[in-house]
Every structure is written in C-alpha cells, then in structure tokens.
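Please read the structure below before turning to the comments.
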Amino acid sequence: MFCRVRLVSHLPRWSPGTNHKLWKLRCLLPQCPKLGAKMSAGQSQKAETWDKGTLQELKVPFARTETGTFFQEQPRIGNQYLEDAFLQRYLKTHLPSQVLEKVSLDLERFGARVTAEIDSLGRECELNPPALLHYDAWGRRVDHIVTCPAWKRMKEIAAEEGLIAEAYERKYSIWSRVQQVAKLYLYAPSAGLFTCPLAMTDGAAKVIEGSKGLSLFFLEVRDKQGKLNGIEVQRLKQKLGTRQVPTAELLLDGSKAHRISAEGRGVASIANMLTITRIHNVISAVAGMRRVINLAREYASKRVVFGKLIKDHPLHMQTMARLEVETRGAFLMLMEIARLLGLEETKMASEQDLHLLRLLTPVAKLYTGKQAIAVISEGLECFGGQGYMEDTGLPVALRDAQVLTIWEGTTNILSLDVLRSLTKSQGQVLAAFCSGVQGKLELASSISELESSVQLLQDALHRLGQFTQRVGSKGAVAMELAARDFAYTLARIYTGALLLEHAAQPDASSTDTYAAQRWCKQDLCPVDSEEKAGCYDDKAVSMDTYLVYEGNPVLKGKL
C-alpha cells in the first residue's frame with residue numbers, strides 16, 4: 001500500500017508558436033556528450049550552462065524539480081488463526097480437549113497456507129475474471145467459460161483440504177461442522193469467491209445424504225464426450241462484485257438429468273440445501289468482517305497521522321472497537337448455528353435445538369449480511385484514500401459484500417421466512433428461542449460485571465413477548481409489516497445472549513466482558529420501539545406509499 005508522487009521535467013510538443021526552439025535543441029543535442037561518457041570539468045560546466053539556458057528559453061515546466069517518493073508500508077495478513085484470539089478462545093471453551101488439539105493443529109497449518117499460497121491465488125482470480133468463448137477457431141459453438149489457472153488451483157486446494165468432505169466424514173462427530181466452519185472462516189476472505197461453488201457443493205451433498213430426491217434433478221453440465229448437455233450459455237452477467245465467479249444465463253433444451261427426489265417434493269427437499277447455502281453466506285459475511293478489521297489494525301500500527309500512529313488516536317480506536325464488537329457477535333452467531341447443525345446431522349439434536357436451527361439460520365443470514373456491509377464500509381475508511389483504490393485490493397471486499405444481503409434471499413424475504421417458521425410451528429420456535437436465551441443467561445447472571453447487561457437483555461426479551469401478544473392478535477398483515485424489525489430483534493437478543501455466555505466462561509478475558517457490555521447498550525428490541533412509535537399502524541402504511549411516490553404519476557388522482 002503506497003502513494004507515490006513523482007515530479008519530473010518534460011519537454012512541450014513542437015508547434016509553430018515555439019519559434020523553432022525545439023529544432024534548435026535538436027541541432028544542439030548531437031554536440032552533447034553521450035549518456036555515461038566521461039567529461040572533463042570544462043565540458044561538464046559547458047553542458048550545464050547550455051542545459052540551463054536552453055531550458056529557461058523553452059520555459060519547460062518543472063525543469064528544476066527533483067523526483068521524490070512517499071512510500072507507505074502496506075498492511076499484510078499473518079496466520080489468521082494464530083492472530084484470532086477470539087476464535088481460539090471459542091474453540092478452547094467448546095471443543096473436547098482431544099478434539100481441540102487436533103483441530104488447532106490443523107487450523108494453524110491451514111492458516112499458514114492461506115497466507116503463503118491461497119491469498120495470492122484469490123487476488124489473481126479477482127484480476128483475471130472469467131470470460132465466455134462462444135465459438136472455437138473453426139466456427140463451432142462451444143460456449144466455453146474460461147477461468148484463470150488460479151481458479152482451477154483453488155478447486156484442487158479445496159479438495160486437498162477437504163473443505164466440504166470433512167463435514168460429512170464426521171471425524172469429530174458433532175464438532176465436525178464447527179471444525180469445517182472455522183476452516184472456511186479462515187479461507188473465505190482469501191478464496192477469490194471459490195466459496196460460492198463450495199457452498200453449492202455442500203448444499204447438494206446435504207440434499208443427497210439420506211434423500212431419495214425431489215422433483216429435484218441432478219444435471220451434469222457436459223456429457224461423456226465433453227460436449228455441453230443440451231445447454232447454451234447465452235451470456236456472462238456483469239455484476240457489481242463477485243466477478244471472480246462466472247454467473248451465466250443458460251438455455252436448456254433437451255438436457256438429460258436424473259430425478260433425485262420424490263415427484264412433487266422439490267421445494268421440501270431443497271430446504272436442506274437452502275439451510276447450508278445460507279450458513280455459507282454467514283461464513284462469508286463474518287469472515288469478511290474479520291479480515292478488514294485485521295488489515296485495519298495492522299495498518300493502524302504503521303500509518304502515522306498528525307504526528308503519531310493511527311492506533312494512538314483514541315477516536316480511531318473507538319471506531320475500530322465498535323467494528324470489533326459487531327464482528328465478535330456475528331462470529332458467535334455463526335458458530336452457534338454450526339454447533340446446532342452438527343447436532344442435527346449426528347441425530348443428537350433435541351427438539352429445541354431443531355427449532356433454533358430453523359429460526360436462527362434465516363435470522364443470522366439476513367442480519368450478518370447487513371453487518372458485513374456496514375463493517376467493511378467503515379473498515380475501508382480506516383485506510384483513508386487507499387481504501388478506495390482498486391489496486392490495493394481493498395474495495396473488492398465491499399463490492400463482494402453487497403451480494404450477501406441478496407443471494408439466497410433478500411432481507412425482506414428472509415424476514416417473512418422467519419414469520420413462517422413461527423406460524424408453522426404454532427409458536428414453538430419462538431418458545432425455543434426464549435428458552436435458549438434464558439439458558440445462556442444463567443451463568444452470566446451470577447457475575448457482577450455482567451449483571452446490568454443481563455438485565456438489559458431480559459428486559460428486551462420481556463418487551464419482545466409483550467409485542468408479540470399485542471401485534472400478533474391483530475393478524476398476519478400487522479406482523480408482516482413488522483417482520484424486518486422483528487428479525488433484527490431476534491438477532492440482537494440472541495447475539496447478546498451468546499456474548500454474555502461467552503463472557504461468563506472461566507477462561508474469558510476482560511475484552512469478552514467489555515464486548516458483551518457494549519453490545520447490550522444498543523436498542524435490543526427495535527420492533528417494540530418502532531411499534532410504539534406508530535410505524536406499523538394503518539396511517540403509517542398509507543403514508544409510506546405517499547412518501548415514496550409523492551409527485552409520481554402512480555399517485556395521480558389518489559391524493
């Protein structure tokens with residue numbers, strides 16, 4: 001990361017208005033000693049006199065300036081496992097000792113590989129996006145999507161590391177998913193978006209395991225001869241971010257596929273896949289947040305502003321601390337889902353666990369997607385103007401983060417999915433949520449430093465219950481209007497409970513306590529606040545439309 005200022009002398013282009021001074025210069029040049037030739041003292045003085053006089057006559061801009069350089073050392077990533085004390089502390093708290101030892105060694109080794117090999121490959125994928133070759137040299141339609149060698153190498157590394165297989169081998173029983181998610185968490189920011197095909201592979205594996213199939217089909221892209229299987233690639237889409245991943249419009253005509261589920265059960269069968277891909281979305285969100293913070297704190301220890309390092313400016317540290325709290329909360333939510341998924345896959349999950357997994361997956365996906373955009377955007381500010389320069393490799397983090405709120409369901413769609421889970425379970429999902437939160441607060445409530453934060457969270461849980469009773473009785477329309485804020489409330493309350501539970505562990509640090517306290521000082525129940533402010537009543541519904549369409553032809557004759 002550097003900014004270079006170079007001041008050099010240059011000659012203007014010749015034009016008739018220069019009185020042929022450049023011609024004069026051309027005539028004189030042969031008389032000048034060649035570059036590198038030895039000159040006597042007299043020759044040197046004569047050449048210098050000639051040079052100054054000629055340049056003054058020509059009035060060459062910057063003729064007497066010198067070349068100067070300002071260099072700012074760039075932030076570099078180290079072993080992302082060894083530098084993540086919060087991740088290490090989480091694993092130490094939750095994993096059995098024999099599992100912890102093996103997982104830690106593997107993550108430390110993999111963290112070194114991310115730094116030494118994978119990170120540069122990911123950058124190469126960004127700089128060399130995929131291209132579509134419609135025809136070969138002889139005019140035959142081939143629709144070949146060309147990817148760079150780094151993308152192909154990523155596929156090999158993913159297989160070597162077992163990034164998907166490890167979850168299904170279940171070497172660590174219920175902790176296999178936690179181990180896999182931790183590994184993907186280290187991998188994702190350096191992966192050049194290869195996490196996208198990995199997510200789909202994981203989802204497909206989940207559908208196939210124990211599933212006879214849906215009107216869900218398995219389709220191979222190419223046949224045994226290597227020809228496209230009844231597929232035409234119309235075009236590659238031009239996207240804001242995730243340019244490393246080819247996203248295409250396909251035309252299917254006579255494609256051969258195998259049905260892998262019962263007829264008419266496609267939606268039900270693919271639900272498992274949605275769970276997995278949404279969890280991968282959360283992995284990318286949390287990992288992106290962690291990476292920008294790691295880079296920003298590295299930069300803050302090298303960049304001097306107003307006479308001192310950025311890290312020595314309290315306001316800057318306050319800003320970064322706020323980002324750290326958001327990231328720690330998002331990380332614990334991610335690992336909680338991984339833990340619940342591990343229980344479900346090993347048939348060790350209780351009914352409450354299953355309800356929580358069903359509820360928290362869309363909640364975590366929608367909330368961490370929003371967190372990632374906010375944290376990464378703020379994180380880029382930590383680098384000043386360099387955070388906006390493409391050649392630093394920093395802006396891609398923000399461009400890629402925008403997909404996280406869109407892929408596998410937008411925020412509003414997922415908010416409605418949360419409501420469906422409540423309705424379909426006849427309230428059991430919400431009951432499991434409240435019970436889960438209370439269980440996580442038990443240990444924290446006995447610690448004096450956490451007592452006030454526990455009280456704030458319990459108050460928020462009480463307000464949530466009151467809101468559900470008030471608005472739930474008004475029907476589906478009222479709850480639908482509140483769906484987004486309702487989902488945010490669930491995310492904030494459960495994340496707060498996770499932070500407090502973590503801070504209450506015997507090995508917790510003072511920063512764990514501080515992070516939990518900071519989280520609980522925000523509005524933990526925004527759905528109650530918004531409802532009391534009248535944001536969900538009938539007047540608000542109509543005024544929202546008028547506010548958006550005021551002056552627009554859509555509203556003509558309706559005011």
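When shorter helices are ignored and each DSSP H run of at least 4 residues is given -39500 (n - 2.57), the per-residue value for the chain at 222 nm works out to -19000 deg cm²/dmol. Extending 7 Å from the Cα toward the beta-carbon at both I145 and E117 defines two label points whose distance is 2.5 nm. Run a plain Debye calculation on segment 118-258 (Cα atoms as equal point scatterers, no solvent) and give log10 I(q)/I(0) at q = 0.09, 0.10, 0.14, 0.20 Å⁻¹, rounded to two decimals, same order as the q list. Ignoring solvent entirely, the Cα scatterers give -0.35, -0.43, -0.83, -1.32. Calculate the dipole size of the chain relative to its Cα centre from +1 charges on Lys and Arg beta carbons and -1 charges on Asp and Glu beta carbons; express the result in debye to the nearest 20. Roughly 2180 debye for the chain.
Placing pseudo-labels 7 Å out from each Cα toward the beta carbon at T511 and N229 gives an inter-label distance of 4.9 nm. Legend: translational diffusion of segment 292-384 by Stokes-Einstein, Rh = Kirkwood radius over C-alpha pairs, 10 °C, 1.306 mPa s; D = 104 µm²/s. The residue among L127, M479, A262 whose Cα reaches farthest toward the positive pole of the charge dipole of the chain, with charges on the beta-carbon of Lys, Arg, Asp and Glu, is L127.
Stretched out straight at 0.36 nm per residue, the stretch from H258 to K237 would grow longer than its current Cα-Cα span by 4.8 nm.
Packing-based ranking of 82-95, 109-122 yields 109-122, 82-95, ordered from highest to lowest mean Cβ neighbour count within 10 Å. Full extension of the chain between H462 and K155 yields a length gain of 105.7 nm, computed as 0.36 nm times the residue separation minus the alpha carbon distance. With viscosity set to 0.890 mPa s and temperature to 25 °C, compute the Stokes-Einstein D of the chain, Rh being the Kirkwood radius across alpha carbon pairs; µm²/s, no decimals. Here the translational diffusion coefficient equals 89 µm²/s. Take the chain with all the other protein chains still there, run a 1.4 Å probe, and you get 53 Å² of accessible area per residue.
With the highest mean first, a sort of the peptides 227-234, 170-177 on other beta-carbon atoms found within 10 angstrom per residue produces 170-177, 227-234. E249 label point, 7 Å along Cα→Cβ, cut-off 18 Å on backbone N: hits in segment 109-131? Residues passing the 18 Å test: 131. Here the gap between H313 and E451, fully extended at 0.36 nm per residue and compared with their Cα-Cα distance, gives a gain of 46.6 nm. With a Förster radius of 25 Å applied to the beta-carbon distance between A321 and Q438, the computed FRET efficiency rounds to 0.30. Take every pair of alpha-carbon atoms less than 8 Å apart whose residues are at least six positions apart; their mean separation over the length of the chain yields a relative contact order of 12 percent. The H on the amide N of F217, modeled in the peptide plane, is under 5 Å from the matching H of I260, each at least 5 residues off or on a different chain. For E351 and Q469, a Förster radius of 30 Å and the Cβ-Cβ distance give a FRET efficiency of 0.80, rounded to the nearest 0.05.
For segment 76-171, the Cα gyration tensor yields ellipsoid semi-axes of 38, 16, 9 Å (square root of five times each eigenvalue, largest first, whole Å).
With the simple spin-label model, which puts each label point 7 Å out from Cα in the Cβ direction, the A137 to Y546 separation comes to 7.0 nm.
The values are calculated or read from the model by the stated rules, or taken from the named source; none is laboratory data. Because the structure is predicted, anything quoted here is derived from the model rather than measured. Using ideal geometry, Cβ is built from the backbone for each residue, glycine included, and neighbour counts are taken over all protein chains shown. These area figures cover heavy atoms from the full protein model, side chains too; ligands, DNA and RNA do not enter into them. Shrake-Rupley method; radii C 1.70, N 1.55, O 1.52, S 1.80 Å.
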